[in-house]
Amino acid sequence: MPPILSEGARTVKIMTILVTGATGNIGRLVVDHLNGLGANDIRALTKNPAKANLPDEVAAITGYLGDPETLPAALEGVERMYLAPFPPTLDVTLELAEKAGVQYVVALSGGAHWQEYTDTIAVSGLVNTQLGPGEFLENFAMWSEPIMASRTVREPYPGMVEAPISMSDIARVAATLLVKPEQTHFGQMYELTGPEALTRAQIAEQIGVGIGAEVRFEKCGLDEARDRLRPVMGDEVDWYLELMKDAEPQQANQLVAELTGTPAESVARWAARNAELFR
């Protein structure tokens, strides 16, 4: 049973939460949201604590999911854990977490090419909730150069429909579940989306709304798209374009609002918050 500290009329329960991948894009945001929600015993797993720049009240623990030998010490006394996606050592990580007595895991996973990973977590024996977001809003930073240069985005599939979500909203859901786990969430896979389903052309338009400038969308051929994206995506470009071509229209849901009490960020609001990327 974790210790309980008394602060006047308020009672604070010490609950040890481990955030893996704590200096990654989403893991770092999970740390910040946990901190903001009042979690009072946060451990952050990082390969280099000295360079992690974590809040003073967060305990930086040296370790890495890719090096399972570092995990037993990090997991000692941990009751809840945010599990960043790292398929190569998933099995051993789950075994070590169960052995350490971790009571609840919130894992970033998903369907499609992540299905095997998702299934492994589901049958691990650990109480878990999985988060399966679609495309991150942050991916649209790849449009920054053409928007700055000509206020025009050129891609081959203007009608592709999706409801992209910000990494901050994903992290906010994870932190909320970790701070206040409820039985109704156990064993669930939550397909998180942004608040509205839009075509790629409409996403470009909404970025324009956010930055206060008209952004146009023009259809281009696959070869041009491949040439534009390769410097950003490298060898992943063909996979990404194929995924866009075959993608079923994504329906938006309001899970972020239902799970956290605050709606997910819109494309326009995200763009306004990151306007320096496009100006």
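The values are calculated or read from the model by the stated rules, or taken from the named source; none is laboratory data. Just so it is clear, the model here is predicted, and its values are computed rather than measured. Cβ atoms come from the backbone with ideal geometry, glycine included; neighbour counts cover every protein chain shown. For the accessible areas, the whole protein counts, side chains as well, though only heavy atoms, and no ligand, DNA or RNA atoms are used. Shrake-Rupley method; radii C 1.70, N 1.55, O 1.52, S 1.80 Å.
In the assembled protein chains, residue 32 presents an accessible area of approximately 70 Å² (probe radius 1.4 Å).
Helical content of the chain, expressed as a calculated mean residue ellipticity at 222 nm, amounts to -10500 deg cm²/dmol (DSSP H runs of 4 or more residues, -39,500 (n - 2.57) each, divided by residue number, nearest 500). Taking the full set of protein chains and a 1.4 angstrom probe, give the accessible area of residue 190 in square angstrom, rounded to the nearest 10. It works out to around 30 Å². Legend: residues 169, 119, 235, 91, sorted from most to least accessible area (1.4 Å probe; ligands, DNA and RNA excluded), read 235, 91, 119, 169. The H on the amide N of residue 40, modeled in the peptide plane, is under 5 Å from the matching H of 15, each at least 5 residues off or on a different chain. Taking a ≥ b ≥ c as the square roots of the Cα gyration tensor eigenvalues, the range 17-133 comes out prolate, since a/c reaches at least 1.5 and a/b is larger than b/c. Segment residue 230..residue 67, full-extension length gain: 55.6 nm, with 0.36 nm per residue of separation and the alpha-carbon distance subtracted.
Remark on residue 218: its backbone amide H falls under 5 Å from those of 153, 154, 155, a criterion applied only to residues 5 or more positions apart or on other chains, H modelled at 1.01 Å from N.
Dipole magnitude for the chain: computed about the Cα centre from +1 point charges on Lys and Arg Cβ and -1 point charges on Asp and Glu Cβ, it is near 740 debye. Apply the a/c threshold of 1.5 to the C-alpha gyration tensor of the range 210-264 and tell me whether it is rounded, prolate or oblate. Prolate is the answer for the range 210-264, as a/c is 1.5 or above and a/b outweighs b/c. If R0 equals 51 Å, the separation of the Cβ atoms of residue 218 and residue 99 corresponds to a calculated FRET efficiency of about 0.40.
Site pair residue 149 and residue 248 shows an inter-label distance of 3.7 nm when each label is modelled 7 Å from Cα along Cα→Cβ. Evaluated over the chain, the count of Lys pairs having alpha-carbon atoms less than 27 Å apart is 5 (only pairs 8 or more residues apart or interchain). The heavy atoms of residue 23 present about 80 square angstrom of accessible area, all protein chains included, probe 1.4 Å. Close amide H contacts of residue 19 (hydrogens built in the peptide plane, cut-off under 5 Å, sequence separation of 5 or more or a different chain): 43, 44, 45, 82. Springs join every pair of Cα atoms under 10 Å in this Gaussian network model of the chain, and among 81, 233, 167 the largest mean-square fluctuation is at 233. The string of couplings for the range 262-279 from the Karplus curve (6.51, -1.76, 1.60, θ = phi - 60°) is 10, x, 5, 6, 7, 4, 4, 5, 4, 5, 5, 5, 10, 4, 4, 5, 10, 10 Hz, one whole number per residue in order, with x for Gly and Pro. Once you reduce the range 163-232 and the range 10-83 to the center of their Cα atoms, the two points are 26 Å from each other.
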